[in-house]
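The values are calculated or read from the model by the stated rules, or taken from the named source; none is laboratory data. The structure displayed is predicted, hence computed values, not measured ones. Note that each Cβ is placed from the backbone with ideal geometry, even for glycine, and that neighbours are counted across all protein chains shown.
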Amino acid sequence: MNKLIGLFTGILLLSFSQLQAQEYTKIFSDSDLETIRSYEDSVDVLSGLMLHDTSETSRFLSCKYMIKHLVHALKVDNSFQYKFPQFERISVQYPEDSSFRIFTWQLYVNENEYRYYGAIQMNSEKLKLLPLSDRSESIPNPDMTLTTNAEWFGAIYYNIKQVDSEKFGRYYLLFGYDANDFFYSSKVN
């Protein structure tokens, strides 16, 4: 019975990946799809090094190069349509209206500190990207502060809730996790 379930699951996954590949061939040229997947592979490897390399210098260099590779991937026309299924250590979240997506990740600095990075990509054919600069330590009352992308309260976002209000229009609630340091962590919303 377990073999039958395993076989069925394998067939389902293979079918899903073929459907996804067919979807991408309608959006991307072969060379663009190859380019974006190549960058995706590089970003995935570098994101692992950012968290697990034993050298702090290597972790920072991995982060620097990971950002460059991610930006190159996002510069491919229609990159918003690519879901980056291989990303394991980078959170990619979309609101219900898919008007943008947010990438967030963390850099392990040392046993007492994590640093957060992120970017917001707008849903457009050509790249519109807002880098997020973590300024968590300089925001006095984060619960009561409106910030910009240049003064972002860094976190790994795991959910976005779209809210449509007659009074305020459309806005988004982002839910995230900030490991902050070894002895303290917080939920961000």
inquiry  = So for region 56-77 (the condition being assigned to a loop (DSSP other than H, G, I, E, B) and of a type in the set (Lys, Arg)), does at least one residue qualify?
reply    = yes
Subset tally (residues that are more than 22 Å from Thr57 (Cα to Cα) and in contact (Cβ under 8 Å) with a residue 24 or more places away in the chain) for region 107-131 = 10
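If you check Glu40 against the conditions, is it among the acidic types (Asp, Glu) and either surrounded by 15 or more Cβ atoms within 10 Å (Cβ to Cβ) or at pLDDT 95 or above (or both)?
Working: among the acidic types (Asp, Glu): yes; either surrounded by 15 or more Cβ atoms within 10 Å (Cβ to Cβ) or at pLDDT 95 or above (or both): yes.
Considered against the rule, which asks whether it is among the acidic types (Asp, Glu) and either surrounded by 15 or more Cβ atoms within 10 Å (Cβ to Cβ) or at pLDDT 95 or above (or both), Glu40 comes out as yes.
Inspect region 141-150 for any residue being charged (D, E, K, R), modelled with pLDDT under 85 and in a loop (DSSP other than H, G, I, E, B) and give the result as yes or no.
Here is the first cut: in region 141-150, the residues charged (D, E, K, R) are 143.
Then keep just the ones that are modelled with pLDDT under 85; that gives 143.
Filter once more, keeping what is in a loop (DSSP other than H, G, I, E, B): none.
Taking every residue of region 141-150 in turn, none turns out to be charged (D, E, K, R), modelled with pLDDT under 85 and in a loop (DSSP other than H, G, I, E, B).
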request  = Determine the pairs where a residue that is part of a helix (DSSP H, G or I), located within region 13-39, has a partner that is at pLDDT below 70 with Cβ atoms under 9 Å apart, the partner being 6 or more residues away or on another chain.
outcome  = Leu33/Ala21; Leu33/Thr25
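For every residue, the table says whether it meets (1) in contact with a strand residue (DSSP E or B) (Cβ under 7 Å, 6 or more places away or on another chain); (2) crowded, with 19+ Cβ neighbours inside 10 Å.
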residue: Leu61; (1), (2): no, no
residue: Tyr65; (1), (2): no, no
residue: Phe80; (1), (2): yes, yes
residue: Phe87; (1), (2): no, no
residue: Trp105; (1), (2): yes, yes
residue: Glu111; (1), (2): no, no
residue: Arg115; (1), (2): yes, no
residue: Ile120; (1), (2): yes, no
residue: Lys128; (1), (2): yes, no
request  = For region 169-183, name all the residues that are under 19 Å from Phe100 (Cα atoms) and over 17 Å from the mean Cα position of the chain (by Cα).
outcome  = Gly169, Arg170, Tyr171
key: Lone unmet requirement of (1) more than 25 Å from Arg37 (Cβ to Cβ); (2) surrounded by fewer than 19 Cβ atoms within 10 Å (Cβ to Cβ) for Ala155   = (2)
query = Quick one: what pairs do we get from region 142-164, first residue assigned by TED's automatic domain parsing to the domain that holds Glu113, second of a type outside the set (Asp, Glu) and in a loop (DSSP other than H, G, I, E, B), C-beta under 6 Å, 6+ apart or different chains?
reply = Pro142/Phe153; Thr145/Ile139; Glu151/Arg135; Phe153/Ile139; Ile160/Pro95; Gln162/Pro95
